[in-house]
Amino acid sequence: MTMKMKMQRTVTGLSLSPSVKVKLVSAGFQFTADLLNLKPLQLSKEAGLSQQEALEVLQAARTDGDRAGAGLTALELLQQEDDIRSIVTFCSQLDTVLGGGLPVGKITEVCGAPGVGKTQLCLQLAVDVQVPPCFGGIGGQVIYIDTEGSFLVQRVVDVATAVVRHCSQLVEDDEQQIAMTAFTVESILSNIFLVRCHDYVELLAELHLLLDFLSNHPKVRLLVIDSVAFPFRQFDNLSQRSRLLNGIAQQLITLATKHCISVVITNQMTTRLRGGQSQLVPALGESWGHAPTIRLHLYWEKSQRLATIFKSPGHMDTTVQYQITSDGFRDVELAATKETGSNCC
Amino acid sequence: MNWDQLELNPRIIVAVKRAKLKSISEVLCVSGSDLQRLTGLSHSDVQHLLTAVSTTCRRHPPTPVILLLHNQESNLKLSLGCRILDQLLRGGLPVVGVTELSGESGAGKTQLALQLCLSVQYPTQYGGLNSGAVYVCTEDLFPIRRLQQLIQEQTNLRTDVPTDIIHSLRFSDSIYIEHAADLESLQVCLSRRIPLLLARGLVRLLIVDSVAALFRSEFQASDWLERNKQMLAFSSALHHLSREFTTPVLCINQVSDVFSGSDDTLGPRSSTVAPALGLAWANQLMVRLMFLRLQRTVARGDQTSAVRRLEVMFAPHLAREGQDAGIWREGVQAYDIETMPGSIPLSLLLLLFLLGPVSSETVNPMVQDLISRNADFATQLYRAVASRTDDNVLLSPFTISVGLLALLSASNGATRDQLVQGLTMTGLDPQALPGKSRM
């Protein structure tokens, strides 16, 4: 019975042009189930549609039916999530609080003031996602959408060199030895696909074309947008802006789940006046805050860089310390922590 | 927008025209279902339309980064005209991106900007971009005299460049100066005249000195919303020019005082001032540099200068570091202690001090002269050493002088001249030099 209920989708719910829908309904087709057994020619005669339109109606009805049948149980989802490893950040404290690293299939937002290390984290992740599976990585490729112009090849080379050096020190068996021959700075750079978008129109266009790109590059496991805020800060019409942002959020969620990639976006901070007190909050407004699954806030406190997870379904609000070295995004070593601790006293 | 240029079924193009959609951005900004409603097209037709429109928007398909690594043009850096400062910035200013240089008045911001106007004119193998510069003044008159002086002193500053190349460049002909006293004239300048200069390849460096003056003076505190809007429009114009013409943009900014402990959102500070214009402006920058004027001086030859410190506040490719520099007649130049001529003479002076009293009973005017020259030298040396550290210092000038005098007597040519100059003994009769007379 429940199955029957699920199949009872009305034709008006299909993504068809309005005139076609009107014709279908007036010809007496109410539910998608009514259409499934028809041939295009029959349908075109009965509903007074052109053959092409009839074909599209049937295609739409069938794909809709497939989707309805593709429900997953929570157990299956859990197994799926277990199969996919996370992307490590190379900051073990942050990995621990994130449960092993940045999750694949989810959207993570990194926000913070300029210079605190958002871009550094993105570059680090773009290299880390390529670590071969035998070293505990996921060996994926990356699409990096740079809207601020802050993607500098020089810096990626720094980070990549450090990661290759790190992995080569870990080599223990033959498998890892072989993996290392293919894991070089050159191979890392050729697996990062860079797109520069100069305004929001270009960003929208690129996101539209990404689905196609991802189908042709099934190994992509990470999409970085650094930053979403930059092209959208200068916008007069705020309702238009939040509508576009919602559209982007929707597209990103589809990309993340359908192609099983991790989406990392960065956001700027802005000052909000509330009751005479100014406060730093992520830009782009309240409704955008619902788009990411995880929100990571990077900030300075005295001379320490701190990262707080402040929205996540799976983790408590936790704060960890990190540092940016010439090698990239790293843990703060214990000795260094003690030293700064004593300086404070 | 000429829709007929799109590779689409004519049926779709007709529908788009009928829906009175005017531009690509209009199509992309309308949601998919709204497009279906507006055009009366089916779902798959709308997808075709969106794909075609998006493809025309896209400048490049996603490019593997390895291809950029070997692209000479995108890896160019604009040299500051000083080897040590270039090391701090890993080669100089990136050719694409907005760089900010802030500092108190008198810290040397304009000096560095002028130096960049000259440095940009050198061929690329000497760190330049082989083109001129455009300098937008918003607060003061362009310091033309200082520029003339810098041009004359180029041979002393750029010892790495062959002199015939320096003399072949007509520096002042390639610097275009704009005065913009208010935002309106600045906008005209940025939207009309400067794009023209850039498009003709006459300039490849844009300097705005300073951004703070305009935004600080034209708006009341209560107009901050309007101010932010104008500021974003201004910065997006800069970004556009920088990207479109692969041209470095340098914005000079003032600083404002920070009350202790009030806010550390931008990281630890090494002084009590912070760049002006707040977070909204900082969000627009790629590289933020700061010039600090320190409380000590440094000497070099016959010149002294207050010590400046150039600090990297943030940049995607640089560490938070700083480098001490001085401002000399020939320009802004960093120094390191080993190569600084001023530090050599200290030991010599001490030797002379010690030599002086021995012959004090029969003081001859020549020796008297030597003693006073040496005293000058000792002071300079002491100053140079003391300016590097606040710790206690133990110096044995006698030892150093003996060593240097020995060296002096064994040297000739340029080395000898430099030693003599370092010991402030220029113009003395060679026979009167301590190296000759005493050893």
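Rounded to the nearest 20 debye, what is the charge dipole size of region A:204-306 about its Cα centre when +1 sits on each Lys and Arg Cβ and -1 on each Asp and Glu Cβ? Intermediate results must be reported in sequence, preceding the final value.
Numbers: 11 positive and 6 negative charges, 53 e Å.
The calculation lands at about 260 debye.
Only helices at least 24 Å long along their own axis, judged from Cα atoms, and with Kyte-Doolittle mean hydropathy of -0.5 or greater: name those in chain B from DSSP H.
On the way: long enough: B:224-244 (29 Å, -0.62); B:365-388 (35 Å, -0.16).
The answer, listed by residue number, is B:365-388.
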>> Starting from the Kirkwood Rh over alpha-carbon pairs, what translational D in µm² s⁻¹ does region B:65-334 have by Stokes-Einstein at 4 °C and 1.567 mPa s?
In response: 68 µm²/s
>> Using only the alpha-carbon atoms of the protein assembly as shown as identical scatterers, what base-10 log of I(q)/I(0) does the Debye formula give at q = 0.05, 0.08, 0.09 Å⁻¹?
In response: -0.36, -0.81, -0.98
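Once you order the gyration tensor axes a ≥ b ≥ c over the Cα atoms, which shape class does region B:3-56 get: rounded for a/c under 1.5, otherwise prolate or oblate by comparing a/b with b/c?
Values: a/c = 1.23, a/b = 1.12, b/c = 1.10.
In terms of gyration-tensor shape, rounded.
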> Say the cut-off is 20 Å between C-alpha atoms; which of A:106/A:311; A:21/A:258; A:21/B:22; A:118/A:311; A:106/A:219; A:219/A:258 go over it?
Replying inline: A:21/A:258; A:21/B:22
> So what's the angle, to the nearest 10 degrees on a 0 to 90 scale, between helix A:118-128 and the longest Cα principal axis of chain A?
Replying inline: 80 degrees
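Sort B:390-397, A:242-249 by the packing proxy (mean of other Cβ within 10 Å over each peptide's residues), most packed first.
On the way: B:390-397: 10.2, A:242-249: 17.9.
Final packing ranking: A:242-249, B:390-397.
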> From the backbone phi of region A:36-41, what are the Karplus-calculated ³J(HN,Hα) couplings (6.51 cos²θ - 1.76 cosθ + 1.60, θ = phi - 60°) in whole Hz, Gly and Pro given as x?
Replying inline: 4, 8, 8, 9, x, 5
>> What does the net charge come to around residue A:109 if you take all other residues with beta carbon closer than 14 Å to its beta carbon, with K and R at +1 and D and E at -1?
In response: +2
> Relative to the longest principal axis of chain A, what angle (0 to 90°, nearest 10) does the C-alpha long axis of helix A:200-216 take?
Replying inline: 80 degrees
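Can you tell me how chain A classifies by the Cα gyration tensor, rounded, prolate or oblate, using a/c under 1.5 as the rounded cut?
prolate
Which of the three applies to region B:135-203, rounded, prolate or oblate, going by the alpha-carbon gyration tensor with a ≥ b ≥ c and a/c under 1.5 meaning rounded?
Oblate.
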> Which one of A:253, B:315, B:372 has its Cα pushed farthest toward the positive end of the charge dipole of the protein assembly as shown, where Lys and Arg give +1 and Asp and Glu give -1 at the Cβ?
Replying inline: A:253
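Using the Cβ atoms and a cut-off under 11 Å, what net charge is assigned to the surroundings of residue B:19, where Lys and Arg are +1 and Asp and Glu are -1? Walk me through the numbers before you get to the answer.
Numbers: positive: B:17, B:18, B:20, B:22, B:37; negative: B:26, B:34.
Value of the local net charge: +3.
Counting each DSSP H run of 4 or more residues in the protein assembly as shown as -39500 (n - 2.57), what helix-only mean residue ellipticity at 222 nm follows after dividing by all residues, to the nearest 500 deg cm²/dmol? Working shown, then result.
Working: 34 runs with 345 residues, N = 784.
Counting only the DSSP helices, I get -13000 deg cm²/dmol.
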>> Just want the answer: with Cβ charges of +1 for Lys and Arg and -1 for Asp and Glu, which residue in B:128, B:61, B:283 is farthest toward the dipole's positive end in chain B?
In response: B:61
> What is the spin-label model distance, in nm, from residue B:22 to residue A:271 if the labels are put 7 Å beyond Cα along the C-beta direction?
Replying inline: 3.7 nm
>> Sort A:146, B:376 by Cβ crowding within 10 Å, fewest neighbours at the top.
In response: B:376, A:146
>> Give me the net charge for the shell around residue B:282: Cβ to Cβ below 9 angstrom, other residues only, Lys and Arg +1, Asp and Glu -1.
In response: 0
>> With +1 assigned to the C-beta of every Lys and Arg and -1 to the C-beta of every Asp and Glu, and no other charges, what is the dipole magnitude of the protein assembly as shown about the Cα centre in debye, to the nearest 20?
In response: 1600 debye
>> Can you tell me the orientation of helix A:51-69 relative to chain A, as the angle in degrees between its alpha-carbon axis and the longest Cα principal axis, to the nearest 10?
In response: 50 degrees
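Laboratory data are not the source of any read-out in this text; all were calculated from the coordinates shown. Values in this document were obtained by computation on a predicted structure and should not be read as measured data. So basically every Cβ, Gly included, is an ideal-geometry build from the backbone, and we count neighbours across all protein chains shown.
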